[in-house]
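The structure appears right after this line, and notes come after that.
The values are calculated or read from the model by the stated rules, or taken from the named source; none is laboratory data. Just so it is clear, the model here is predicted, and its values are computed rather than measured. Cβ sites come from the backbone with ideal geometry, for glycine too, and all protein chains shown count toward neighbours.
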Amino acid sequence: MSKDYKELTAKAVQHLASLEAVAWLRVGTAICGQAAGATNLLQAIPSLAEKRNLPFVLSEVGCMGLCYAEPILDIQTPDGDRILYKNVDPALAEKILDSLAKGKTHKDNLLGAVTCKDKAIPLLKNIPMMKQQTRVALRNAGHIDPIDIFQYVASGGFKGLSKALNTMSASEVIEEVTKSGLRGRGGAAFPTATKWSFLARSDKKTKYILCNCEEGDPGAFNDKGILESDPFTLIEGMIIAGYATGSSNGVIFIRHGHAGPIERTEKALEACYEQGILGSNILGTDFSYDIEVSLTGESYVAGEETALMEAVEGKRAMPRFRPPFPAQAGLWQQPSNINNVKTLAYVPEIVAKGGDWFAGIGTEKSKGTAIICLSGDIERPGMIEVPFGLTIRDVIEKIGGGARNSKSIKLLQTGGPLGGVLSGDQLDIVLDFDAMATAGAILGSGGIIIADEDTCSVHLTRNLIAFCQYESCGKCFPCRLGMSHLLEVIERITLLNGLESDKALMERIGTSMQAGSLCGHGQLGFNPVSSALKYFKDEFDQHLEEHVCQTNQCSGPFIGPEKTRRWAHHTGSSPTAEVSDRFSSSQIQKQWISVLK
Amino acid sequence: MTIEGQAIRSKAKTALSNQSFKTVTVLSSLLAVHDSLGYLPAEAIDEVAKYTKTTANDVWAVASFYTNFRFTDPPPDTVELCWGPSCHIRGAMPMLQKVFEHFGLEQEGDSPDKKVQVRLNTCLGACSQAPVISVNHRLVGNLDPDDACSTIDGLLQKHNRGKH
């Protein structure tokens, strides 16, 4: 162990002791917490505590994944008890702090205890949503302040990095990751160590590790969740990846607008530079590494690996032709590797605990855990981390509590819009990259959206296709025109004006898109329709032949982006001919002409 | 050059030179200027081109690609509405329809009184709290479709009280 790491841990122990000496209050202020009202709670707490002369420290933490219980107030007392409360508003916080000031425990809205002498309070790890979880990448989520580097160190942070830099060679690190069986969590499930070894082979001086947190998939919030809850884990994973591949720079790529994840990542990077975790001679060794944040504008395709590089270079996020592959000529034409946030977040624990430990979790070919986001008509929406090998039923029914209001599950939408849909009777599919692929399902980014019997599969398909159409970057015409055409057809089906020939027409468009598109967006863009046609054929036929929608959703409104640069068919003109009035308005033209003068 | 044009240029220049990112590109510059001005007027495009040593054409190419950029002066308040599948399933469509009507709109755009810009967002990232909207970048989840409009009005009022 190097001297610098020892110093850092000593400081962390001291820092932790100062936090634990008073009432330590934690409020989850990740995106989900904010949406549930955590900001109000956070603002109310200081004055409530001061009024009661309660010595306290207040930490903003990330998302524990128990989103149904947000806003969560987490109270750790100097005697070591740590109890969490669910759905806390300022009024309830007042009562909780009242009891606390009197040395008592408030008993309403209890979520669970991390540690507690009162055995009547259930332990957090035993509540239904936590019970089957194995937390590796999310081990610190909701427990530590995401921008406090000492809290991270106190919970074992940078142990893996110190071990790698001080006791292992670069090839030994890759060997360890090979042993762990880690596969990429961005969707393609490519073995991470193999990807790294491509990059390690290049002897160029400048090499990049890119971390993809574009995460434009509706229904997936786990990448943002990691950045908001524990950015240090990702940073540590990235530095280790940099060391293993002999790369010089790291880039964390985030979508502009997600203020929380961006701010926390930047602050975490700053703290790492201050403590000698980044920059020259990391932890006193001769390894140096730099990481920066790069933002993209709103574009879903920017999450595709080569489009991402274009965006980092400041251009339109359109995929590149391959070859050359990123490991040969990627960002700024230098050798590059792209890894998903989740993939890199596993690395510190793999190195610290050994590849064999990680390989002991999960199934034969899908090692480790899956990080899944549950949303839609589900009793307990949230972000969970479970070992591979569980069934989707375990995840939805045991962990997520099943469909809301005891209704039946009609449909699942997995792996982002391109993943398509599954029917509610396929809950016995095992969580495993290969088993899921065989069953025609995609784990993808890890989002699972549940819909009950009130949802019309055709109407939802229109939503998914509207998304795919809106987000087509426009580079390959089969995708650009195909998506518009598909949307036009699916739209008339939902308006109950579908034609008998429409199914065959969609099939033809879909096949062309698949054959003629450069990236996954066009290649998989037909999935929402093909999977819906497969599992909900009767409902489509009802719309097409009887012109009836049983849920009545199709007679309701459909809201989607009506006017973008990529949208024209609504006006009845050719999808390529129309220019949105965003650009053609005389106001802008006049303005522009005056500038040119 | 008009006085207004000069003011825009100087604000854009400040935003450009204050970029916090190590790697400065056309996109990072556009994001910085858009954050500062709230839109990309032609003068700003021109300044970005000068700053990044590219052409106005190149800058337009990038600006026109990303859907978060707008090119006309925005109203003071922003309401973003999520239409992603999680929100869709949790009843967003009829709710958003009501919100549009509330602001006198048929689709996303600026309200006729030019006070509020109503934007659709493909995913605000808080799917577990669907349906979700954001009012001046403050997220609100678990909306009751019937109360959405009054919730939005309340937040807009609160926000604007805070400003004075």
* To do: Quick one: in segment A:406-419, of everything that is more than 10 Å from every other protein chain (Cβ to nearest Cβ) and under 20 Å from A:Phe221 (Cβ atoms), which residue is surrounded by the most Cβ atoms within 10 Å (Cβ to Cβ)?
  => A:Gly419
* To do: Would you confirm whether any residue within segment A:229-250 is crowded, with 24+ Cβ neighbours inside 10 Å and at the interface with chain B (Cβ under 10 Å from one of its Cβ atoms)?
  => no
* To do: Kindly check whether there is at least one residue in segment B:89-107 that is buried (at least 24 other Cβ atoms within 10 Å of the Cβ), among the charged types (D, E, K, R) and outside the structural domain of B:Ser36 (by TED's automatic domain parsing).
  => yes
* Structure fact -> If we take segment A:338-417, then strands (runs of 3 or more DSSP E) inside it with 1 or more residues that are small (Gly, Ala, Ser) are A:369-376, A:382-387
* Test A:Ala268 against the stated conditions and say whether it is touching a residue at least 12 places away in the same chain (Cβ under 8 Å), more than 24 Å from A:Ser202 (Cα to Cα), assigned by TED's automatic domain parsing to the domain that holds A:Phe158 and among the hydrophobic types (A, V, I, L, M, F, W, C). => yes
* Return yes when A:Ser299 is under 22 Å from A:Ile174 (Cβ atoms), out of contact with any helix residue (DSSP H, G or I) (no Cβ under 6 Å at 6 or more places or on another chain) and either hydroxyl-bearing (Ser, Thr, Tyr) or at the interface with another protein chain (Cβ under 10 Å from one of its Cβ atoms) (or both) and no when it is not. => no
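Among A:Gly314, A:Gly257, A:Gly225, A:Gly219, which is the only one that is under 20 Å from A:Gly187 (Cα atoms), within 14 Å of another protein chain (Cβ to nearest Cβ) and assigned to a loop (DSSP other than H, G, I, E, B)? Write out each step before concluding.
Details: A:Gly314 fails: under 20 Å from A:Gly187 (Cα atoms); A:Gly257 fails: under 20 Å from A:Gly187 (Cα atoms); A:Gly225 fails: assigned to a loop (DSSP other than H, G, I, E, B).
Residue meeting the stated conditions: A:Gly219.
Which residues, counting only those in segment A:268-311, are at negative phi and assigned to a loop (DSSP other than H, G, I, E, B)?
A:Gln275, A:Ile277, A:Leu278, A:Ser280, A:Thr285, A:Asp286, A:Phe287, A:Ser288, A:Gly297, A:Glu298, A:Ser299, A:Glu304
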* Using the structure shown, decide if A:Leu123 is crowded, with 18+ Cβ neighbours inside 10 Å and either modelled with pLDDT of 95 or more or not assigned by TED's automatic domain parsing to the domain that holds A:Ser229 (or both). => no
* Structure fact -> Within segment A:179-216, the count of residues that are part of a loop (DSSP other than H, G, I, E, B) and more than 14 Å from every other protein chain (Cβ to nearest Cβ) comes to 14
* Structure fact -> Scanning segment A:350-370 for residues that are closer than 20 Å to A:Gly156 by Cα and under 19 Å from the mean Cα position of the chain (by Cα) gives A:Gly368, A:Thr369
* Could you say whether any residue in segment B:125-133 is in a strand (DSSP E or B) and either modelled with pLDDT of 95 or more or surrounded by 24 or more Cβ atoms within 10 Å (Cβ to Cβ) (or both)? -> yes
* **Number of the exception - A:Asp79 against (1) away from chain B (no Cβ under 14 Å); (2) surrounded by 22 or more Cβ atoms within 10 Å (Cβ to Cβ); (3) outside any strand (DSSP E or B)** => (2)
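Only one residue in A:Leu443, A:Leu422 is within 14 Å of chain B (Cβ to nearest Cβ) and under 26 Å from the mean Cα position of the chain (by Cα). Which one? Before you say what the answer is, go through the steps one by one.
Values: A:Leu443 fails: within 14 Å of chain B (Cβ to nearest Cβ).
From the options A:Leu443, A:Leu422, the qualifying one is A:Leu422.
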* Within segment B:50-68, can you find the residues that are at the interface with chain A (Cβ under 9 Å from one of its Cβ atoms), crowded, with 20+ Cβ neighbours inside 10 Å and touching a residue at least 24 places away in the same chain (Cβ under 8 Å)? -> B:Thr52, B:Val62, B:Ala63, B:Tyr66
